[in-house]
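Working notes for the structure below.
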Amino acid sequence: MAAAAALGAGSESPSTGAPDGLLQSRGTSMPAAGGLDSTRAQPEVAPTTMPPYLARCPSAGPCNRLPPDCVDCSLHSNCVYGKEVSFNCSVKPGVQCTDENKIDQKTFWISMVCQFCWQLPPTLYQCKESTKCKTVRCPREYFISNCTALEHVHCLGNRTFQKKMYCNWTGGYKWSTALALSITLGGFGADRFYLGQWKEGLGKLFSFGGLGIWTLIDVLLIGIGYVGPADGSLYI
C-alpha cells in the first residue's frame with residue numbers, strides 16, 4: 001500500500017500537480033489563438049497630400065492654356081520688349097494636358113509678349129486698394145499698392161510687384177444724394193451731416209445755413225465735387 005501511494009505521488013508535478021510531460025512554468029500562460037497577430041505593430045500609411053497648384057490646373061486641357069502655376073518654363077529676358085517670343089515649358093507633377101490633336105504632352109512651347117509683369121497693362125493685373133488716403137486733394141494723392149498678375153497671364157520676373165497708384169476708392173456716398181440734401185435741407189446742415197462732416201453740420205444748423213450764404217456756397221462746392229465725404233473717398 002505504501003509503495004502504491006508513493007508511485008501515485010510520483011506521477012504528478014510537485015509544483016503544479018500536472019502530469020509528467022505537461023509541466024508549465026509558474027506564472028506564465030500560453031497566448032490565445034491569434035494573440036501574436038494582434039500584438040504586431042500595424043504599418044503606418046502616409047497620407048497622400050495633393051499639391052496646392054493642382055486645384056488651379058484644368059485636367060486634360062490644352063497645354064498652352066495652363067496657368068503659370070501649373071508649368072515650369074525656361075523664361076529669360078533675352079528678348080525684344082513688346083515682341084512675341086516663345087519659351088519651352090514642361091508640366092508640373094500631377095498635371096495632365098494635351099496638344100491640339102488631343103495627345104498627352106509633358107513638354108510644349110508657349111507664345112507670349114516679351115515684357116516683365118510690372119509692365120503689363122492695368123487690365124492684366126489686380127492691385128489692392130487703400131482706404132487710408134484722401135481722394136479729394138490737390139494735387140492728387142498717390143499710394144503704393146501690391147499688385148499680382150492674373151492667373152492666365154504669362155510674364156517675366158516676379159508675378160507680385162508694387163505700383164504707384166492714384167488714391168481711388170469709395171465709401172458708398174452718392175453725389176446726387178449730397179447735392180439734393182444741400183439744395184433742400186442745406187440750411188439745416190443735412191448735406192454736411194450726410195457727408196460725415198458733423199462739425200460743419202452743427203455750424204450750419206445753429207447759424208441757419210450762415211443766413212443762407214453758406215448754403216448757397218455749399219450747393220456750388222458740392223455740385224462741382226470740391227466738397228466730398230469726410231473719409232476722403234470718392235462719390236459713387
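For first residues located in the stretch 57-70 and acidic (Asp, Glu), partners that are in a helix (DSSP H, G or I) and lie 6+ apart or on another chain with Cβ distances below 8 Å form the pairs 69/53; 69/56.
Taking the criterion of being part of a strand (DSSP E or B), of a type in the set (Val, Ile, Thr) and open to solvent by 90 Å² or more (accessible area, probe 1.4 Å), the only residue of the stretch 134-185 that qualifies is 144. Kindly check whether there is at least one residue in the stretch 220-232 that is among the aromatic types (Phe, Trp, Tyr), out of contact with any Lys or Arg (no Cβ under 7 Å at 6 or more places or on another chain), without any contact (Cβ under 8 Å) to a residue 24 or more places away in the chain and on the phi < 0 side of the Ramachandran plot. So far as the stretch 220-232 goes, no, none of its residues is among the aromatic types (Phe, Trp, Tyr), out of contact with any Lys or Arg (no Cβ under 7 Å at 6 or more places or on another chain), without any contact (Cβ under 8 Å) to a residue 24 or more places away in the chain and on the phi < 0 side of the Ramachandran plot. Residues that are among the hydroxyl-bearing types (Ser, Thr, Tyr), in a loop (DSSP other than H, G, I, E, B) and under 30 Å from residue 132 (Cβ atoms) were ranked within the stretch 186-236; the one that is most open to solvent (accessible area, probe 1.4 Å) is 226. Across the stretch 145-187, the number of residues qualifying as closer than 30 Å to residue 73 by Cα and among the β-branched types (Val, Ile, Thr) comes to 3. The single residue among 21, 61, 34 that is at pLDDT below 80, open to solvent by less than 60 Å² (accessible area, probe 1.4 Å) and not hydroxyl-bearing (Ser, Thr, Tyr) turns out to be 34.
If you filter the stretch 88-115 down to residues that are of a type in the set (A, V, I, L, M) and in contact (Cβ under 8 Å) with a residue 24 or more places away in the chain, you find that the one that is farthest from residue 58 (Cα to Cα) is 113. Please specify each residue of the stretch 133-146 satisfying the condition of being of a type outside the set (S, T, N, Q) and modelled with pLDDT of 75 or more. 141, 142, 143, 144, listed by residue number.
The values are calculated or read from the model by the stated rules, or taken from the named source; none is laboratory data. None of the values given here were measured: they were computed from a predicted structure. Cβ sites come from the backbone with ideal geometry, for glycine too, and all protein chains shown count toward neighbours. The accessibility values were calculated without ligands, DNA or RNA, using every heavy atom of the protein model including side chains. Shrake-Rupley method; radii C 1.70, N 1.55, O 1.52, S 1.80 Å.
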